[in-house]
Every structure is written in structure tokens, then in C-alpha cells.
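Following: one structure in C-alpha cells, then a few remarks.
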Amino acid sequence: MDIQAELIEMIDDLFMEDITDIMDEDLYNAGILDSMGTVELIVAMEEKFGIKVPVSELGRDDWNTGNKIVAGIKGLKNA
Amino acid sequence: MMQGLIQWLQSLPNWQPYGEPKYFAFLLAFLIPIVVAMFFGRRLKIYQSLVSLGFIVVMYTGASYHQLFALVAYVIWQTIIVFAYHAYRKKYDTFPIFAGAVFLAILPLIFVKVTPAINDGNMSLLGFLGISYLTFRSVAMIMEMRDGVLTEIKLSTFLRFMLFMPTISSGPIDRYRRFEEDYDNVPTREEYLDLLEKAVWYLMLGFFYKYVLAYFFGTILLAPLKVDALAQGGFMNWPTVGVMYAYGFDLFFDFAGYSLFAVAISYLMGIKIPMNFNQPFKAASIKDFWNRWHISLSFWFRDFVFMRLVFVLVKNKIFKNRNVTSGVAYILNMLIMGFWHGVTWYYISYGLLHGIAMVLNDAWLRKKKKVNKERRLAGKGPLPSNKWTTALGIIVTFQFVMFSFLLFSGFLNQLWFHNIK
């Protein structure tokens, strides 16, 4: 499974929201992510992808859509 | 020599930030060279630092000269901690040292906040106007260094950031990385003209808020209402309800007015400090309210207290249920904010009340989501969400917030426990 599919499944598991068709939508504005959800997502991503996402990095500007999070995970995996 | 310095400081006039029209006249006059240079794409770093230092010194002159010594000692203390942790973090990353650094950075503030509660209301000698806001800045830096997102710091920028004059006394609370980027880059002429335009507007709006509206609510309305309320006494009375609204509006217009001044003066210096208020009385829920009220503080608590608490709780699987996790974190977060305001029963219960409100707000959002899902499966439309439900949300939020401000004001403490009729 690729990262995008895994992220979609993760968000579905955590927040019962399917973001397949809204990968470019702001997840905070859509009411899917909030500060609580952000941390849960960080912990889940750490476990799943073996990456360390700093809490202060997952800002609302650069990690706020599905596609941006996928890009962020790829960036951290290759770092 | 020390004696001479103290006498000189005592003899100087004392000017509180944005306290009187004369302050603006002098400040704006001193800012003219900075503005002109900005317009030509240059930042007068040394001149700006000297002007800033001058205006910082006159905040702590006269009878409060000892605050200047407290400030100097405090800045040396924070500089040592931040730079020592920075050096350590380059090589190692352990939790005890990180926690120790945060604790040492907060320690002076703890002394200052706890001293009046255990020493008959006397202030700690370590205290000075603005100590909280400086602490927020340095603690955030230590946390971002631990995260590995803040890797390079410069002593000169650090001192300018900590002692940034427009926001030194009461914020807005900036972040180091954001500040540094603004400071190292001069805005283009177009951007700067835009900042100038906003600065002029914010100054005028600030004057209207602080010197017209806050004066009206805080001085003309509030004072006689307090007298009436205390004269009637008892547990609750109508003038106290008046005190509640008058105080709430006074608090907003006074603080929002101050914040507008701080933002305007920062803009004139080409620093795009974050806004502190966004029409908080239009908030349709308590969560919405905290995205609009004292924003730089509530976001600081969100990023450096709430999210980190949640992280520890989730990572270590302390609670099975995620709603318990977020609830505990909300209550602790708001309680800490209450303690930060001061160690009194009314500040702490103000924090607790807001924590409970956040939990209830979240519970309602979950309930709504669940009901809407069931309705969708049953082929029905979602629960109504229109201008009437929004209006209801605004009204309920506003009344709750005003009540919490009455608690915050400490007036109930006077009415219930110290009413000498």
C-alpha cells in the first residue's frame, strides 16, 4: 500500500472521515482535524511510518491537507 | 556608583507603554528615522535597539526602578538557560535535561506568581512588568529546540526578540523563528506601505477602544455599578449583573486597544507581530471563542501545553478512551492558564470553568456528528445549521464568557468575602 492510501485509512480509523475525494481541502476548516486530532495523527504516523514528526512542525499552514501531509511524510522518510 | 544610578533612575519620569498621549508623541517622533529607512529598504538595527532600550528603561523608572534590576537579572538568567540548552541539544536529547531547562526557565515566574499568595499580597522582588510574556517566549524556544525545529539561534537576535519593545509588557506573544525571519528581511516598499496603512488604522482604532470605549465602560459605568452592588451586598444582585457586562467590555476594549497599539508599533518597525483579537464576541462556541480571544496566548497554550499533554497521554496510552484524554488535557490546560493569571481562587476557578466548557463543547460536537450520521443513514437531512442556530450559539457563548469574566475580575471575591459596608 502506498503512503497516500495508508494515510487515508489512518484518518478513517481515527476520525471516521473519508478524505479520498478531498485531498486538497483544509482538514482544519473541514472540521476533521483539531489540535487533539493532530496529536493522534502524529502518534499514529510515528508508529506506522517510523518517522518523528515534531509537534511544533505539524503547523496549520504546511500540513493542513491530505496531499500536504503525504508530501510531509515522504520528506521525513527520506530525510 | 550604584547609589548614583538608583538616584538617577528614581529621578526619571515613569512612562507605561501606550499609557498617555505624550507617550505616543515621543514614541512616534523617535520612530520617524526607522520608518523613513524602512521605506528605503533598510533596517536601522542599532538606532532601533537604542530607541527600544530607552523606552524600556522609562517603563521601570521612578518608584519602580527595582523592576529594571529584576529585568536585567531575568534576561541574564534566561540567556544562560536557553543557550546552555541549545549547546546541549546539539549533541544530546534527553528528557530530564529538557524538563530541567523548562523548569528553570519558568522558575522566576513561579516565584513571582506564588509570592503574593503566601506573603500577604506582597510582590516578589524578582518581578517586573512583562515577566510572563518574556517567559512564554523563552519556554517556546526551549520546546522548539527539543523538537529539533529550532536549531540555530543568535545572541543578538535572541535579546532583540526577548526585549522587543512594542510587545514587552503584555504581548502579543511572538515566536522566535517568525520574529527572526521578519527581522532579517526588510519588507518591500509595497509590503511596507501596506503595513503603514494598517498601523495608522490600528492606532486610530486602538485610541477609540482604549481611550473612548474602555474609559466609558471601565470608568464611567463600572465604578458607580460597583458601589451600588457592594451597597446592596448579598450573594447576587442586579448591579452585579451590570458590573459583569461593564467589566467584560472594559476588559476587551482595554486589552484589545493595547494590543492594537503593540501591533501597530511593531508594523512600523517592519515586524509582523500576530494579532491578538478577532471579534471575540462574535464567537459561536467556546472553542471558537479561544480562537478569537487573546489569540497569541491561547495558541501558545494549545501548542506548548495542550498538544504536548495529549501527546504524552496518547503515546503512553494512559487512557483507553480518546474523549477522556482530550477532556483531561483541556481541563489541565485551562487550569494551568488560570494559575498563570495568579494564585487566587477566582483565577483558578475561571480556568476550571473554561476547561469544563471546552469539554462540554467537544461532547456536543461529537453528539452532533453521531446524530447527523444516524440521520444520514436513515435518509434524513442533518440537524439544522443556519443563521438562527449560529445566533443562538453566539448568545449562549457571550453570556457564558461574560460570567467567566465576572469571576475573573475578582469582584465576587470583594462582594462575598471582603465587603465592608
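Bear in mind that the values in this text are calculations on the coordinates, not laboratory data. Keep in mind the model is a prediction, meaning the values are calculated, not measured. Reconstructed Cβ throughout: ideal geometry from the backbone, glycine too, with neighbour counts over all protein chains shown.
One table, with the values for the structure above:
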item	result
Mean separation of Cα contacts under 8 Å, 6 or more apart, over the residue count of the range B:278-421: relative contact order %	28 percent
Cα-centre dipole for the protein assembly as shown with unit charges at Cβ (Lys and Arg positive, Asp and Glu negative), debye to 20	660 debye
Dipole of the range B:196-311, positive end: most advanced residue of B:291, B:213, B:259 [Cβ charges, Cα centre]	B:291
Computed lengthening from residue B:356 to residue B:119, 0.36 nm per intervening residue step minus Cα-Cα distance	82.2 nm
Mean shadow area of the range B:2-186, taken as a quarter of the surface of its Cα convex hull (nm²)	12.3 nm²
Hz values of 3J(HN,Hα) by residue in the range A:6-16 - Karplus curve (6.51, -1.76, 1.60), Gly and Pro given as x	5, 5, 4, 5, 4, 5, 5, 4, 6, 10, 6
Computed [θ] at 222 nm, deg cm²/dmol, chain A (DSSP H ≥ 4; -39,500 (n - 2.57); rounded to nearest 500)	-16500 deg cm²/dmol
Given charges at Cβ of Lys, Arg, Asp, Glu: the protein assembly as shown dipole, positive-most of B:281, A:37, B:202	B:281
Helical contribution to [θ] at 222 nm, DSSP H n ≥ 4, -39,500 (n - 2.57), averaged over chain B, rounded to 500	-23000 deg cm²/dmol
Cα→Cβ-extended label distance, 7 Å offset, between residue B:413 and residue B:2, nm	3.4 nm
Straight-distance crosslink candidates among lysines, where the alpha carbon sits under 17 Å from residue B:369 and sequence neighbours closer than 8 are dropped	B:287, B:380
Tensor-based shape of chain B (alpha-carbon gyration tensor, a/c under 1.5 rounded, otherwise prolate or oblate)	rounded
Cβ-based exposure ranking for B:92, B:350, in which fewest neighbours within 10 Å come first	B:92, B:350
Label-point gap, in nm, between residue B:403 and residue B:316 - each point 7 angstrom along Cα→Cβ	3.5 nm
For the range B:265-399, the spread of Cα positions along each principal axis, largest first, Å	57, 40, 33
Net charge dipole size for chain B [Lys, Arg +1 and Asp, Glu -1 on Cβ; Debye, nearest 20]	1780 debye
Separation of alpha-carbon centers, chain A and the range B:210-247, rounded to whole Å	49 Å
Charge dipole magnitude, Cβ of K and R +1, D and E -1 - the range B:290-421, Cα centre, debye nearest 20	840 debye
Euclidean distance between Cα centres, the range B:350-421 to the range B:8-50, Å	43 Å
Which of B:170, B:186, B:107, positive extreme of dipole for the range B:97-198 (C-beta unit charges)	B:107
Sequence-separation-based contact order of chain B, relative, with Cα cut under 8 Å and 6+ spacing, percent	15 percent
Packing-based exposure ordering (other Cβ within 10 Å, fewest first) of B:339, B:235	B:235, B:339
Which of B:418, B:86, B:354 has the fewest Cβ neighbours within 10 Å, and the rest in rising order	B:418, B:86, B:354
Cα gyration tensor shape for the range A:3-78, rounded if a/c is under 1.5, else prolate or oblate	rounded
Spacing of the two label points (7 Å from each Cα toward its C-beta) at residue B:64 and residue B:219, in nm	1.8 nm
